[in-house]
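Asks: Here it is, the structure in full.
The values are calculated or read from the model by the stated rules, or taken from the named source; none is laboratory data. Bear in mind that the values here come from a model prediction, so they are computed numbers and not experimental data. In this analysis, Cβ positions are derived from the backbone assuming ideal geometry, glycine residues included, and neighbour counts consider all displayed protein chains.
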Amino acid sequence: MVGAFILALLRDGRTMTLHELKSIAMIPTGASIPALKKLMAKGMIEARRENVGQKHYYISPRGRQTFERVWFSFARRPARDLGEALRSAFLPYALGKMDLAAECLLEAARARERRATALERGKLPAGAPVANPRVC
């Protein structure tokens, strides 16, 4: 999911540093570094040094083609937390599909409500995930 989100952020020609991914996109370093390495190994993003000690990451033509082909399957995965729900909603938003982005956020809210109800009724242990049959 993090890899698809990074591709979505870079798809309009923007470059981002690791610091920007952490501060602006709210992707923890522990998640972004492996995702960046994987995307680079697959030829989906490239990096160049623009400032001393700073790598700027940008999407490659292969990454752009792949993102356009597979973004929907990433947006439909169940969100495990709020950050993932927001990243899932950003994928269709980045492509101008506002209705689908809104549906992603609504479904994440519904899943949160189902979890809260199950917890209140004592039907769900505090740390247990909620299975969502259809999450954006």
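Asks: Inspect all residues belonging to segment 71-93 and state whether any of them is farther than 30 Å from A116 by Cα and either without any contact (Cβ under 8 Å) to a residue 40 or more places away in the chain or hydrophobic (A, V, I, L, M, F, W, C) (or both). If you could, list the steps in order and put the result at the bottom.
Replies: Keep residues of segment 71-93 that are farther than 30 Å from A116 by Cα, which gives none.
No: segment 71-93 contains no residue that is farther than 30 Å from A116 by Cα and either without any contact (Cβ under 8 Å) to a residue 40 or more places away in the chain or hydrophobic (A, V, I, L, M, F, W, C) (or both).
Asks: Can we say I45 is closer than 11 Å to I6 by Cβ, at pLDDT 90 or above and touching a Lys or Arg at 6+ places or on another chain (Cβ under 6 Å)?
Replies: Criteria not met by I45.
Asks: So for segment 6-28 (the condition being among the polar types (S, T, N, Q), farther than 30 Å from R114 by Cα, surrounded by 15 or more Cβ atoms within 10 Å (Cβ to Cβ) and in contact with a Gly (Cβ under 9 Å, 6 or more places away or on another chain)), does at least one residue qualify?
Replies: No, that holds for no residue.
Asks: Here's another thing I want to ask about it. I want to confirm something. Restricting to segment 31-85 and keeping residues that are part of a helix (DSSP H, G or I) and among the aromatic types (F, W, Y), which single residue is surrounded by the fewest Cβ atoms within 10 Å (Cβ to Cβ)?
Replies: Within segment 31-85, the match that is surrounded by the fewest Cβ atoms within 10 Å (Cβ to Cβ) is F72.
Asks: On to the next question. Just give me the residues in segment 4-29 being modelled with pLDDT under 85 and farther than 15 Å from P61 by Cα, in sequence order.
Replies: Within segment 4-29, F5, L21, K22, S23, I24, A25, M26, I27, P28, T29 qualify.
Asks: In segment 1-21, what count of residues is obtained for those that are more than 19 Å from R80 (Cβ to Cβ) and either part of a loop (DSSP other than H, G, I, E, B) or touching a Pro at 6+ places or on another chain (Cβ under 8 Å) (or both)?
Replies: Going through segment 1-21 one residue at a time, the tally reaches 6.
Asks: Specify the residue that is nearest to L91 (Cα to Cα); the eligible residues are those in segment 1-55 that are touching a residue at least 40 places away in the same chain (Cβ under 8 Å) and among the charged types (D, E, K, R).
Replies: Applying the filter and picking the extreme gives R11.
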